[in-house]
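These notes concern the structure reproduced below.
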Amino acid sequence: MIDAHIHYGDDSPEFLALLAEFDLKLLNISFVHGPDDPWRNQAERYRSLARAHPTRFAWCTSIDLPRFDDPTYTASAIRGLEEDFAAGAVACKVWKNIGMEERRPDGSYLTIDDPIFDPIFDAVAAAGRTLLLHIAEPLACWQPLDPSGPHYSYYSQNPQWHMYNRPEVPSHAALIAARDRVMEKHPALRVVGAHLGSLEHDVDEVAARLDRYPNFAVDISARLGNLARQPADKVRAFFDRYQDRILFGTDVVMRTAPAALPPEERAAALAPLAETYRTHFAYLEGTTEVTVRGYTTTGLGLSPSVLDKLYTANAQAWYPGI
Ligand SMILES: [Zn+2]
């Protein structure tokens with residue numbers, strides 16, 4: 001099976017054993033925090049893991065944030081992508097800072113449908129690679145903090161990303177519309193929407209985009225809590241109906257590399273990761289009670305053929321070369 005959205009750059013023997021236990025391959029996702037982020041170091045790490053352990057790791061690259069004052073920006077971003085694709089990167093990721101943080105020279109928020117991205121996205125399509133978009137955030141980002149919601153800990157600990165009462169920031173709807181325009185403008189480009197395309201509050205909203213844009217798929221990474229809070233019958237029907245368009249992923253972020261820990265501490269460091277996978281399996285496959293991010297529901301009991309697509313075949317189809 002393939003975890004198609006993770007940030008876990010380690011190859012300690014203990015970690016490799018865990019991947020073997022779950023028969024897992026990981027798609028490590030590079031992303032760019034800000035204009036000065038040395039993100040190439042991270043990409044390089046993911047690239048070398050994929051080269052050293054091609055059955056266990058694949059990687060996704062990114063692009064520098066736009067530089068409107070640099071006439072060479074577009075060409076250099078495209079050159080970087082072409083080199084990374086030649087070196088095995090299966091996709092290019094763009095993060096939520098596009099739309100919510102980065103600005104144009106006139107001070108307005110830079111959105112993902114800006115023409116500066118068009119030649120770059122055309123180059124991704126021409127290379128037969130995929131664009132992974134984490135654009136916008138859950139709807140809860142624009143709402144008051146809700147201690148019972150699945151995103152409470154993130155927004156209470158990362159207030160800079162909580163957009164409630166910040167009318168200068170584009171709305172959730174505006175950012176989603178900008179993202180949707182990317183699929184519209186680039187029908188030959190495969191787009192995967194990370195985190196259920198930031199429409200995780202209602203699978204019907206995700207379904208509406210999947211119906212409208214045949215070049216769009218989503219991963220479920222880090223959004224099991226939102227799925228669990230919707231009626232199990234409705235969510236099961238969503239997975240059945242869109243069984244070719246939904247990718248498995250966890251978005252687990254490695255804090256400390258197990259390889260950097262003393263061997264006797266590594267098993268304990270990896271236990272939460274193994275637990276994350278078990279929770280996903282219990283929710284997606286099981287038919288009994290399961291607690292996901294503090295919310296108890298019933299497992300979806302997805303069929304073996306739907307699970308096989310979700311776990312493996314869809315990642316292979318949407319990220320050719322993985
Ligand atoms: Zn991620």
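Whether any residue in segment 51-60 is under 19 Å from residue 251 (Cα atoms) and within 14 Å of the ligand (Cβ to nearest atom) is what I want to check.
Going residue by residue through segment 51-60, those that are under 19 Å from residue 251 (Cα atoms) are 56-60.
In the following step, the residues that additionally are within 14 Å of the ligand (Cβ to nearest atom) were identified as 59-60.
Among the residues of segment 51-60, at least one is under 19 Å from residue 251 (Cα atoms) and within 14 Å of the ligand (Cβ to nearest atom), which makes the answer yes.
In summary, residue 214 fulfils each of the numbered conditions (1) part of a loop (DSSP other than H, G, I, E, B); (2) farther than 20 Å from residue 140 by Cα; (3) within 16 Å of the ligand (Cβ to nearest atom) with the single exception of condition (3). With the structure loaded, tell me whether residue 226 is more than 16 Å from the ligand (Cβ to nearest atom), under 17 Å from the mean Cα position of the chain (by Cα), polar (S, T, N, Q) and closer than 24 Å to residue 27 by Cα or whether it fails that test. Taking the combined requirement at face value, the residue does not satisfy it.
Quick check on residue 192: is it modelled with pLDDT of 95 or more and part of a strand (DSSP E or B)? Yes, satisfied. Within segment 242-257, the set of residues being surrounded by 15 or more Cβ atoms within 10 Å (Cβ to Cβ), away from the ligand (no atom under 16 Å from the Cβ) and modelled with pLDDT of 95 or more comprises 242, 243, 245, 246. Residue count for segment 253-288 under the criterion of being within 27 Å of residue 30 (Cβ to Cβ), under 26 Å from the mean Cα position of the chain (by Cα) and in a loop (DSSP other than H, G, I, E, B): the result is 4.
The values are calculated or read from the model by the stated rules, or taken from the named source; none is laboratory data. Computed from a predicted model, the values in this text were never measured in an experiment. Cβ atoms come from the backbone with ideal geometry, glycine included; neighbour counts cover every protein chain shown.
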